[in-house]
1. Please note which strands (runs of 3 or more DSSP E) are completely contained in the range 125-222 and include at least 3 residues that are within 30 Å of Gly6 (Cβ to Cβ) and at pLDDT below 90.
2. State which residue is modelled with the lowest pLDDT when the search covers only the range 230-248 and only residues that are β-branched (Val, Ile, Thr) and in a strand (DSSP E or B).
3. Taking the condition of being within 22 Å of Tyr63 (Cβ to Cβ), among the polar types (S, T, N, Q) and modelled with pLDDT under 90, how many residues in the range 1-40 meet it?
4. Considering only residues that are loosely packed, with under 12 Cβ neighbours inside 10 Å and assigned to a helix (DSSP H, G or I), look in the range 262-288 and name the one that is nearest to the chain's Cα centre (by Cα).
5. With respect to the numbered conditions (1) farther than 21 Å from Ile176 by Cβ; (2) hydrophobic (A, V, I, L, M, F, W, C); (3) in contact (Cβ under 8 Å) with a residue 40 or more places away in the chain; (4) in contact with a Gly (Cβ under 9 Å, 6 or more places away or on another chain), which one is the sole condition not fulfilled by Ile128?
6. When you scan the range 103-122, how many residues do you find that are assigned to a helix (DSSP H, G or I) and closer than 19 Å to Glu171 by Cβ?
7. Say whether the condition of being in a loop (DSSP other than H, G, I, E, B), assigned by TED's automatic domain parsing to the domain that holds Val167, among the β-branched types (Val, Ile, Thr) and farther than 22 Å from Arg170 by Cβ is met by at least one residue in the range 79-102.
8. Any chance the range 25-42 includes a residue that's over 16 Å from the mean Cα position of the chain (by Cα) and β-branched (Val, Ile, Thr)?
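The values are calculated or read from the model by the stated rules, or taken from the named source; none is laboratory data. Being a predicted model, the structure only gives us computed values, none of them experimental. Don't worry about glycine lacking a Cβ; one is built from the backbone with ideal geometry, like all the others, and counts go over all protein chains shown.
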Amino acid sequence: MIKVSGLTKDFGARRAVHNLSFDAQQGEIVGFLGPNGAGKTTTMRILTGYMPPTDGEAIVAGYDVVEESLEVRRRVGYLPETVPLYTDMVVFDYLKFMGELRHIPNVDDRVDEVLDMVALSDRANGYIGNLSKGMRQRVGLAQALLHRPEVLILDEPTLGLDPSQVVEVRELIREIGKERTVLLSTHLLHEAQNICDRVLIINKGKIVAEDTTENLQARLIGAERVIVRVRGEADELADTIKQVKGVRSVETKDDGAVEFEFASGKDLRPEVAKQVIKSGYDLLELRPLGISLEEIFLELTGSDSKKK
């Protein structure tokens, strides 16, 4: 588990991390989201013992990252954004070397296991320097998993992977997250939405939101949005839907569908469906529209791109 309280990090006059407090439990995958320079990587480096905080406390796997740094490192698997690899070593030999540094018993067998986990068994005898960027990323992930860590901290784990590899790594992280604590950062917001049990959105060194993506959606829009499609011409469909009490903000889209909104608390979809059918339309689709994680991200971080 991870428990952070009042974590602060200064680099001279610049405050990179400001009074962060959050936790992550065993069996939970937590996504760490934020724009470049928000403080994500700095926080991860503190949690893995790579640098001390200026102030605050961080407990990882039951140990203080400052007072018991070596114990933390024994229990954490870390994949940095730029994976440090020895390019002139063979994949198997590199992982065996890393395993020996950690005094892993039966290290050859364990290397075979993690190579199979990250789908690199067929490259075990190849030089790291000859691998693609995506395959090097998987070697780094194998290194992070080698010692069966209680906590896994991944900085952009799918960086440089092709779509099929992203799916494989995503499934692997989900499987790992059933038994371990996983904290991962990503710029791929849909990835966090698909993988993570909970997300932390950080901006300018501060956490601006912490919740499940579903709860964040409900908190931000305060209403339910629904798209309606019918067969054939639907010139008066919007007027038909407006007749249902409680419906608001009805809009006809370019493709002929109608989008409407109603306040959270009472689901008006059954009433809308009855009204549409009663008016003689063949109802083809009645589907809720959630606010995307991208929209949540832009709303909470006040990104300039939102204002353009």
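1. Strands (runs of 3 or more DSSP E) meeting the threshold: 198-203, 206-211.
2. Val247
3. Final tally of qualifying residues: 0.
4. Here the answer is Pro270.
5. Exception for Ile128: condition (4).
6. Final tally of qualifying residues: 7.
7. Scanning the range 79-102 turns up at least one residue that is in a loop (DSSP other than H, G, I, E, B), assigned by TED's automatic domain parsing to the domain that holds Val167, among the β-branched types (Val, Ile, Thr) and farther than 22 Å from Arg170 by Cβ.
8. Looking for residues that are over 16 Å from the mean Cα position of the chain (by Cα) and β-branched (Val, Ile, Thr), one finds at least one in the range 25-42, hence yes.
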